[in-house]
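Below: one structure, written as structure tokens.
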Amino acid sequence: MNVLVINCGSSSLKFQLINSDTEAVAAKGLCERIGIDGRLVYQPAGGEKEVTEAAMPTHTEAIRMVLDALVNPATGVLKSLDEVEAIGHRVLHGGSKITESRVIDQEVIDVIDECCDLGPLHNPANLMGIRACMELMPGKPNVAVFDTAFHQTMPAKAYRYAIPTKFYEEYAVRKYGFHGTSHSFVSKETIKYLGLDPENSKVIVCHLGNGSSISAVKDSKCVDTSMGLTPLEGLLMGTRSGDLDPAVLEFVCKKENIDVSEMLRILNKESGVYALSNGLSSDFRDLEEAKNNGNEAAGLALDAFSYRVAKYVGSYVAAMNGVDAIAFTGGIGENASLVRAQVLGYLGYLGIKMDEEQNKKRGENFVLSTADSKVKVAVIPTNEELAICRETVALVK
Ligand code: ADP
């Protein structure tokens, strides 16, 4: 089955056409600067990247260009759009009503719409992508795969904030968690790869990328995760602060004479390792290089990042009363040997031993711990598009 996987951001759209039988990617690419001017990057499997500049006032034009590229007689990979059998959409926020992936009908559209205030940048864009696909490929099944769904198994003690109940009951203020598609995919792959029992296992997934989050997965179900109502909570990230004393908001707003929205912009866009490195970079490759050249602020940024990851791992070991395996994933988790070594350096008390040679590897499934380590540690590359494709096929077959 050919599945078109669509991931819409506010001004961008990533896509992959995947053959679900072989799980091979037939073509992929992205549309950028939607609503500004417009640029399509398209790449068929084994072929060169093609860049086309063209007006994309909305996501509908962007998706039309993607579909045209897929059936283009010269570089397309389909004879006709009839060969697309289903479309899988990444959707940010499903609130508390959505606990799993769903075939899109009016009820699902209404929930995504209702959750726009919880995901103001992404949910409206996700809806635009869904509506454009329905218009351009009428009759084809569309499936929504939610970033929040995997975390809906968390118990109330994990997801409730200790603030007045009214805020929870009337405004749905609680921890939701994000990157759920990745946490679900990687925890399943980890269980399979390490030969654990899906019904009796304790796995901690560290998804470390530009946005980073950790989840505790007991018996294949999420019991806690580090991101919250929004992706700002938890680990410190490329440019996000993660956890901090909420009183910092008012304190700095008064000092700087700025409002809460501006402060939140700073906490989302100008904080994290970017801030701790004094604005040097949010990219861990730059930070590692600078640290190696003696830049102390870059060193502090990396230390603070790894320290926070290790603290969350420790708290999730407590949450599950043990751990069988820890998985690293995301751009940093899959590639940054230094961060992995720093994090595991804190976890010797769990009987974890890292294999130095193995830690030089990158970007594939591998075991990072030694044979006598009490807890298995693995690197398991995430693949959110493939996860969305699998969920889509499971629902439309
Ligand atoms: P996103 O959250 O945007 O999906 P990714 O998961 O792709 O992010 O992770 C991007 C980050 O991965 C980059 O900012 C960079 O810090 C880090 N990264 C990628 N490759 C390497 C590498 N070889 N060494 C260290 N860090 C890396």
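Listed by position, the helices (runs of 4 or more DSSP H) contained in the range 285-372 that have at least 1 residues being more than 16 Å from the ligand (Cβ to nearest atom) are 296-320, 337-345.
The set of residues in the range 373-397 that are within 16 Å of the ligand (Cβ to nearest atom) and within 27 Å of Ile6 (Cβ to Cβ) comprises Ile380, Pro381, Thr382, Asn383, Glu384, Glu385, Leu386, Ala387, Ile388.
Looking across the range 265-284, the residues that are away from the ligand (no atom under 15 Å from the Cβ) and open to solvent by 70 Å² or more (accessible area, probe 1.4 Å) come down to Arg265, Glu270, Asn278.
Could we say that Glu61 is surrounded by fewer than 22 Cβ atoms within 10 Å (Cβ to Cβ), in a loop (DSSP other than H, G, I, E, B) and of a type in the set (Asp, Glu) here? No; evaluated as a whole, the condition is false for this residue. When Val217 is tested against (1) open to solvent by 50 Å² or more (accessible area, probe 1.4 Å); (2) more than 16 Å from the ligand (Cβ to nearest atom), just one condition goes unmet, and that condition is (1).
Checking each residue in the range 220-248 for being of a type in the set (A, V, I, L, M), within 16 Å of the ligand (Cβ to nearest atom) and within 19 Å of Ala319 (Cβ to Cβ) picks out Met227, Leu235. If we scan the range 86-101, do we find a residue that is closer than 16 Å to Thr60 by Cβ, surrounded by fewer than 16 Cβ atoms within 10 Å (Cβ to Cβ) and aliphatic (A, V, I, L, M)? No; the residues of the range 86-101 include none that is closer than 16 Å to Thr60 by Cβ, surrounded by fewer than 16 Cβ atoms within 10 Å (Cβ to Cβ) and aliphatic (A, V, I, L, M). Exactly one residue out of Leu30, Leu13 is within 19 Å of the chain's Cα centre (by Cα), within 27 Å of Leu395 (Cβ to Cβ) and without any contact (Cβ under 8 Å) to a residue 40 or more places away in the chain, and it is Leu30.
Those helices (runs of 4 or more DSSP H) of the range 139-216 in which 1 or more residues are touching a residue at least 60 places away in the same chain (Cβ under 8 Å) and among the hydrophobic types (A, V, I, L, M, F, W, C) occupy 156-159, 180-193. A count restricted to the range 260-280 and to residues that are on the phi > 0 side of the Ramachandran plot and either modelled with pLDDT under 95 or not in a helix (DSSP H, G or I) (or both) stands at 2. Scanning the range 307-328 for residues being surrounded by fewer than 22 Cβ atoms within 10 Å (Cβ to Cβ) and farther than 18 Å from Val273 by Cβ gives a total of 9. Pairing residues of the range 47-59 that are under 14 Å from Leu70 (Cα atoms) with residues that are part of a loop (DSSP other than H, G, I, E, B), at Cβ distances under 8 Å and at least 6 apart in sequence or on separate chains, gives Gly47/Thr75; Glu50/Thr75. Residue pairs whose Cβ atoms lie under 8 Å apart, sitting 6 or more positions apart in sequence or on different chains, and linking a residue in the range 329-357 that is under 18 Å from Phe284 (Cα atoms) and open to solvent by 40 Å² or more (accessible area, probe 1.4 Å) to a partner that is of a type in the set (S, T, N, Q) and near the ligand (Cβ under 8 Å from one of its atoms), are Gly331/Asn210.
Just to be sure before I move on: is Glu32 over 24 Å from Arg131 (Cβ atoms) and open to solvent by 50 Å² or more (accessible area, probe 1.4 Å) in the structure I sent? Answer is no for this residue.
Among the residues of the range 368-397, those that are open to solvent by less than 50 Å² (accessible area, probe 1.4 Å) and farther than 13 Å from Gly88 by Cβ comprise Leu368, Ser369, Thr370, Ser373, Val375, Val377, Ala378, Val379, Ile380, Pro381, Thr382. Taking the condition closer than 30 Å to Gly279 by Cα and open to solvent by 60 Å² or more (accessible area, probe 1.4 Å), does Asp303 pass? Criteria met by Asp303.
The values are calculated or read from the model by the stated rules, or taken from the named source; none is laboratory data. All of these numbers come straight from a predicted model, not from anything done at the bench. Here Cβ is always computed from backbone atoms with ideal geometry, including for glycine, and neighbour counts include all displayed protein chains. What goes into the accessible areas is simple: the full protein's heavy atoms, side chains included, and nothing from ligands, DNA or RNA. Shrake-Rupley method; radii C 1.70, N 1.55, O 1.52, S 1.80 Å.
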